[in-house]
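The values are calculated or read from the model by the stated rules, or taken from the named source; none is laboratory data. Here the structure is a predicted model, which means the values were calculated and not measured. Backbone-built Cβ (ideal geometry, glycine too); neighbour counts: all protein chains shown. In case anyone asks, the SASA skips ligands and DNA or RNA and just uses the protein heavy atoms, side chains included. Shrake-Rupley method; radii C 1.70, N 1.55, O 1.52, S 1.80 Å.
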Amino acid sequence: MQPYGIQSMLKDGYRHLSGLDEAVIKNIEACKELSTITRTSLGPNGMNKMVINHLDKLFVTNDAGTIVNELEIQHPAAKILVLAAKAQQEEIGDGANLTISFAGELLQNAGALIRAGLHPSDIITGYNKAITKTVEILEQLVESGSETMDVRNKDEVVFRMRAAVASKQFGQEEIICSLVADACIQVCPKNPTNFNVDNVRVAKLLGGGLHNSCIVRGMVLKSDAVGSIKRMEKAKVAVFAGGVDTNATETKGTVLIHSAEQLENYAKTEEAKVEELIKAVAESGAKVIVSGGSVGEMALHFCERYKIMVLKISSKFELRRFCRTAGAVAHLKLSRPSPDDLGYVDSIAVEEIGGVTVTIARNEQGGNSISAVVLRGSTDSILDDLERAVDDGVNTYMAMCRDSRIVPGAAATEIELAQRLKEYANAETGLHSHAILKYAESFQFVPQTLADNAGLDAMEIIASLYTGHGSGNTKLGIDLEEGACKDVSETKVWDLFATKLFALKYASDAACTVLRVDQIIMAKQAGGPRRDLAAAAGAGAEED
Amino acid sequence: MSVRVLNPNAEVLNKTAALHMTINAAKGLQDVLKSNLGPKGTIKMLVGGSGDIKLTKDGNTLLKEMQIQNPTAIMIARTAVAQDDISGDGTTSTVIFIGELMKQSERCIDEGMHPRVLVDGFEIAKRATLQFLDNFKTPVVMGDEPDKEILKMVARTTLRTKLYEGLADQLTDIVVNSVLCIRKPEEGIDLFMVEIMHMRHKFDVDTRLVEGLVLDHGSRHPDMKRRAENCHILTCNVSLEYEKSEINAGFFYSNAEQREAMVTAERKSVDERVQKIIDLKNKVCAGNDNNFVIINQKGIDPPSLDLLAREGIIALRRAKRRNMERLVLACGGEAVNSVDELTPESLGWAGLVYEHVLGEEKYTFVEQVKNPNSCTILIKGPNDHTIAQIKDAVRDGLRSVKNTIEDECVVLGAGAFEVAARQHLLNEVKKTVQGRAQLGVEAFANALLVVPKTLAENAGLDTQDVIISLTSEHDKGNVVGLNIEDGEPIDPQLAGIFDNYSVKRQLINSGPVIASQLLLVDEVIRAGRNMRKPT
C-alpha cells in the first residue's frame, strides 16, 4: 500500500516540515541561535569573533555583516535574517548587527507568545502595527536642528560618525573618525547626495600602527612604475586604456618578407612607427603615461628616451578612478592626445612604505575627486578590521549626506521607543496588543546587551533608564565608561536616523516573514562532495 | 499464479488497492495545498538544492517547485498547471476541488457504489453547474473606458490571496493601470508588453509603476551622461562593432605602415555607421539642448562608444529583444535595422532618461514618454525571495485584469458562487436526475463546498458553523459569501470580492474530468520499479 501523506509524493531526500511545532517554533529557535552569536558583538564593548571560512581564511571581527556572511548559514529561516542584514548592509552599510539581533529578539518573544497560545497571524498584525508606530515615534525623537547640516564641516561630520565607528573600534574612534571625515569631505561633490562611497579608497599597508595612518589626496596604487623613471612633479598625464604598444589588427596578419633587406627594414619601420607615436605623446606635453594594458618593450624604450614615466593599471575600475583623480580622458589606442584629454597630477612618485612598493599620485588642487586612506597596522586581520570600521564610517557619511537627521544613541532611543510603545499597546484592544507589548519589550535587549557586553549590571541600568525616561528625560543613555546613565548630549553618542529606521524595518520585516511560514519543503542538498566528508577522508588518508 | 505475464520486478496494484492509492494521493496533495487558499492562507517556504529560499502562497509555484513523484499526484498537478496556463489563477482551488471530489467519492465507494455511476453523476452535475455559472455571472461592460473600479476589485481579490493585505492593495492600482496602459482598442491584450523589472533595493512597498521602460543595464562608457532630459531615442538593431569575416582570412604585410593602413581600414566601415548616427544627432539636436540616446540590440565596441560619448550621445548596447519591441511602443518611433536611411521620424521621444546604480548593477530608466503603450512594473524588495513572491503575484494580478476585460463578466467571490451552485444542484438538478446518478450529483455538490470550508479553516473559524450560516442564507434567497474576519455571511458585491469567470469555468470543467479519470482507474502497473520509496 502506498504510504499516505506528502512525504510519499516527494523525491528522495526531500524534507517536509509543517505546523506550529515543527516549522514555526523550530524556525524561531534557529533564528535565536543566530542572534545569540551576533549579539555579543553589539556595541563598542562587543566581543570579537574569530571566524574561519571555507577557504580557511581567518576573520577576527565584530562586524555582524562579515560574521554572518562567512558563517554560511544553512537553516532557511536563519537565512532570512541574514538576507535582512545584507539588505541593511547594502542600503546603509552599518547596523547589520542591530538588524539581526533585533529580529532574533522579536522572534524569541513571538515564541513565548505562541507558547502562550497566540496565533502567529495575531502576532504579525501586532508587530506590523508596532513597526508603523515605531517609525512615527522615531520621527518625533529626531534631535531638533539636525535636519540640516554642513557636510563639509568636519566637526559636524565627526559628531554624527562617532557612534558608528566606535561600535567597531572602541577607543580609536577619534583617530579613525578624523581620518574618514577628512577623506570624505575632500571628495564630497557639489551636490552631497551624489557622494559616491567608491571615491574613498582604502590602502592597507602592513607595519606601523594606526597612528601612522594618513590620508592621500589622490590615489595609492600597490604597484611599481614600469620604467626606470620613478618620480615626476607637476606633470601632465595621458591615459591609454588599450595598452601602450604597436597597433594590432583584428584580422590575423603575417609579415611577408622576401629578402634579408626587407627583414632589416621591417624592424626599422616598426621602430619608427612606435617612436612616432611616443614622440607625439611627448610633444603634447604629457610626462606620464598610464596604460590599461600591456606595455611593449619597444614602446617602453622610447618612453624612457623621451623621459616619460610609465605606469600600468590593469584594473578597468582602478583606471577609471585614476582618470577621475587626474581629470584625464582615457584614449583607447596609443595616439596623440588632444590637450583637453590630458590630466594633471601634482606629483606622482614610487615610494616604499613598510616594505611595500607603492605608487602615490597626489593632486592637491583641482580634480580632488578621489582620496585614499592609508591604513597601517601590525597584522592582516587588524587591517581588515580597521578597513571595515573605515567602510562603516564612509557609509555613514553617505547616509548623512542624504538624511542628516540624528537620534540619541547609547540605548536612549530604544528605551524611549519601548516606553512609548507600551503606552500604545495598553491603549489597543484585541489579542494583538500582547504582540505590541512584546515588541516594545524587545527594544530592551539593546541596553541589556550593551550593559552585558560592558560587564555592567544590566538590570540596574535598565531600571534607572526607565526611571529617567519616565520622568521625561528622553535623551538618557548609558555611559559605558562610567557604567552609569548619562544624557547623550554630554557623552555625544548620536546615531543616524536612517540607520535606525532601516535596521528596525528590515528586522521586523524579516521577523514577520519567518512567522508567516508554516510549511517548509526542503530539497536534497545539491552538488559536490561535502567539505567535512572530504576533509575527513583526507585526514583518514594521512593516517594510512 | 500459473503464468506470470509481467516482469517479476513490476508492481501491480489492482481493484480497490489502486483506487485507494489514487484517492490517498489526491487527498494528500489537497492537504498540502489546502492551507494556501485565500487571503488568510499561510506561506510555504521552499528550500532549493543549493540552499536558496523561495517563499510562496501560489499553488502553481508550489507544484512546480515540489517535484512530485507520485503518479496520481502528477496528474492532478498537471491539471492545475494547465489551469494556470489558461487562466493564470485558481491552481490551489483546482487541486483541492479534485481532492474533495475524490474524498466524497471514497465515501460512496466504501458503501459499495460503482465508480462508473459516480462518474455519470459528475458529468451531469458538471454540465448543470456550467449552465448555472453562466446565469450567475455578473456582466461587466468593457467599452472604450473600462470600469476601473471593478477591475481593481478583481485584481485586489487575486492579489490578496498571494500577498499580505497592505502590499496587495498597493499593487492593485499598479496592476490595473499597467493593463489599461497597454490596452489598445480592437486588439487583444499582450501582457508581454508590461515589462517586469526588479531591483534589490529598499522595501517591498516601494514597488511602483514606471510609465516608460526600465532596462537592467547601463551605458558602458564612463564619460556618458548619467541623466538627460528631452531625449530623442533611436531604437536600432545595428552592429556597431568590428565583425570578423566568416571565412578564415589573413593578410600579409611587410612594414608597419601597411599594418597601420589595415588597422584604419578595419575600423572604417564601423566608423561610417557611427558617423551616420552622429549626423542624425546633429540634425535633430542642432540649435536646442535636446539629448540623443541610442538603444542598440547588437553590440557597440569601445572605439564606437568613445566616438559617441564625445558627441554627448548616450549609447546602450545589447538590449534585450523584447525590450526593443516595448521601447518602440513606449517611446514611439520605429526600430531601425540599418543606418543608411535614418530620418528624424524614426526617432522616439522620452522626457527623461537616467541611470541608477545599485552596487554592481546598473539600471537605465526611460521615463516621461508620450502616450505610452508599454510600461514597466518596477518591483523592489530587500531580498530575492520577496521579489520573487511579488513577481508571481503581479503576474497573476495582470492575468486576472486581462481575463476580466476579455470575459466581460465576473463572478461573485468569497465562496458565494460555490454555495449557490451547491444549493442549485441539490434543490433543482438532483430532482431531475433518474436513478443512482443522483448520488454522483450530490457528491459533486458537496465537493463544491470545499472552497468556503477551506477559507474558513484557514481563517481559524469553525467550519461547520460557517457552512450552516452560509447555506441557510442562500436558502432564504440571499447570495452571500464568507467574511473571513468574523465568519459571518457578507455580500461579496458590497465587499468588492470578485473572481474571474474564466477561472471558475476552467476549474469546473477540468476538475471533474480528472477526478472521473482517476476514479475509473482499476489497475496501476509500474514496470520494474518499486512504487514505494525504499525506506
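Along segment B:44-53 the Karplus relation, 6.51 cos²θ - 1.76 cosθ + 1.60 evaluated at θ = phi - 60°, assigns HN-Hα couplings of 9, 10, 10, 10, x, x, 9, x, 6, 9 Hz to successive residues, with x for each Gly and Pro.
Can you send over the carbon and sulfur percentage of the accessible area for segment B:29-99, probe radius 1.4 Å, protein chains only? Don't jump to the answer; show the numbers that get you there.
Values: 940 of 1890 Å².
Answer for segment B:29-99: carbon and sulfur cover 50 percent of the accessible area.
Rolled with a 1.4 Å probe across the full set of protein chains, the surface gives A:HIS16 an accessible area near 30 Å².
With a 10 Å cut-off around each Cβ of B:49-55, the average count of Cβ atoms from other chains is 6. With every protein chain in place and a 1.4 angstrom probe, the accessible-area ranking of A:VAL356, B:VAL429, largest first, reads A:VAL356, B:VAL429. Annotation for segment A:220-243 versus segment B:71-109: alpha-carbon center distance of 71 Å.
So for each of B:125-137, B:55-67 I average, over its residues, the number of other beta carbons within 10 Å; can you give me the resulting order with the highest mean first?
Details: B:125-137: 17.9, B:55-67: 21.8.
Going from most to least packed, we get B:55-67, B:125-137.
Magnitude of the Cβ-charge dipole of the protein assembly as shown, K/R +1 and D/E -1, about the Cα centre, nearest 20 debye? Walk me through the numbers on the way to the answer.
Details: 122 positive and 147 negative charges, 326 e Å.
The dipole magnitude comes to about 1560 debye.
When A:HIS54, A:HIS331 are compared by accessible area of protein heavy atoms, the largest-first order is A:HIS54, A:HIS331, using a 1.4 Å probe.
For segment A:55-78, a reduction of at least 20 Å² in accessible area between the chain on its own and the assembled protein chains (probe 1.4 Å) is found at A:PRO76.
Using a 1.4 Å probe over protein heavy atoms, the accessible area lost on pairing B with A, summed over both chains, comes to approximately 5900 Å². Excluding same-chain neighbours fewer than eight residues apart, the lysines reachable from B:LYS162 by a Cα-Cα span under 17 Å are B:LYS34, B:LYS40, B:LYS44, B:LYS54, B:LYS57, B:LYS64, B:LYS152, B:LYS380, B:LYS391. By a 1.4 Å probe calculation restricted to protein chains, B:LYS34 has an accessible surface near 40 Å², given to the nearest 10.
Using Cα pairs closer than 8 Å and at least 6 residues apart in sequence, work out the relative contact order for segment B:213-371, in percent. Mind showing how you got there, number by number?
Values: 288 pairs, mean separation 64.1, N = 159.
Worked out over segment B:213-371, it gives 40 percent.
Remark: spin-label model distance A:HIS211-A:ASP155 equals 2.6 nm, labels positioned 7 Å along the Cα→Cβ axis. Taking every pair of alpha-carbon atoms in segment B:411-535, give the share separated by more than 19 Å as a whole percent. The proportion of pairs with Cα distances above 19 Å equals 57 percent. Counting only protein heavy atoms and a probe of 1.4 Å, the accessible surface of segment B:150-210 is 49% carbon and sulfur. Peptide B:34-47 has a mean of 5 when you count, residue by residue, the C-beta atoms of other protein chains within 10 Å of its C-beta.
Only Cα sites of segment B:213-371 enter the Debye sum here, all with the same form factor; the resulting log10 I(q)/I(0) across q = 0.13, 0.16, 0.19, 0.21 1/Å is -0.61, -0.87, -1.17, -1.41, listed in q order.
Inter-label distance, B:THR432 to A:ASP21: 5.2 nm, where each label sits 7 Å from its Cα along the C-beta direction.
As a ratio to 2.2 N^0.38 Å, the alpha-carbon radius of gyration for chain A is 1.23.
Residues of segment B:370-394 buried by at least 50 Å² of accessible area upon assembly of all protein chains, compared with the chain on its own (1.4 Å probe): B:PRO382. Ignoring ligands, DNA and RNA, please state the percent of accessible area on segment A:218-367 from carbon and sulfur, probe 1.4 Å. Looking at segment A:218-367 in its full context, I get 51 percent from C and S. In this structure, the amide hydrogen of A:VAL255, modeled 1.01 Å from its nitrogen in the peptide plane, lies closer than 5 angstrom to those of B:TYR253, counting only residues at least 5 positions away or on a different chain.
For a distance above 22 Å, tell me the whole-number percent of Cα pairs in segment A:218-367 that qualify. For segment A:218-367, the share of Cα pairs beyond 22 Å comes to 40 percent. Backbone amide hydrogens, once placed in the peptide plane, bring B:THR138 within less than 5 Å of B:VAL410, B:VAL411, B:LEU412, excluding anything fewer than 5 places away on its chain. Classify segment B:1-140: rounded, prolate or oblate, from the alpha-carbon gyration tensor (a ≥ b ≥ c, eigenvalue square roots; a/c under 1.5 rounded; otherwise prolate if a/b is larger than b/c)? The shape class here is oblate.
What FRET efficiency do you get for B:ASP522 and B:ARG78 if R0 is 22 Å and r is their Cβ-Cβ distance, rounded to the nearest 0.05?
Working: r = 21 Å, r/R0 = 0.96.
With R0 = 22 Å, the Cβ-Cβ based efficiency is 0.55.
When every alpha-carbon pair in the protein assembly as shown is counted, what percent end up more than 47 Å apart? More than 47 Å apart: 45 percent of the Cα pairs in the protein assembly as shown.
Shown here is the pair-distance distribution of segment A:126-237: with all Cα-Cα distances grouped in 10 Å bins from zero up to the longest one, the shares run 10, 28, 30, 19, 8, 3, 1, 0 percent.
Per residue, the protein assembly as shown exposes 43 Å² of solvent-accessible protein surface, assessed with a 1.4 angstrom probe and all protein chains in place.
Could you tell me the ratio Rg/Rh of chain B? Both radii from Cα atoms, Rh via Kirkwood.
Details: Rg = 29.9 Å, Rh = 26.9 Å.
Taking Rh as the inverse mean 1/r over Cα pairs, Rg/Rh reads 1.11.
Taking amide H as placed 1.01 Å from N in the peptide plane, the amide H of B:LEU358 sits under 5 Å from that of B:TYR363, each at least 5 places away or on another chain. What is the distance in Å between the Cα centres of segment B:214-244 and segment B:390-450? Centre-to-centre (Cα) distance: 52 Å. Highest average first, the peptides B:149-157, B:96-104 ordered by how many other beta carbon atoms sit within 10 Å of their residues are B:96-104, B:149-157. From helices alone, the protein assembly as shown scores -15500 deg cm²/dmol at 222 nm; the rule is -39500 (n - 2.57) for each run of n ≥ 4 DSSP H residues, then divide by the residue total.
Taking every alpha-carbon pair in segment B:72-121 and binning the separations at 10 Å intervals from zero gives 25, 40, 28, 6 percent. Only protein heavy atoms count here; on that basis, with a 1.4 Å probe, B:ILE497 has an accessible area of about 40 Å².
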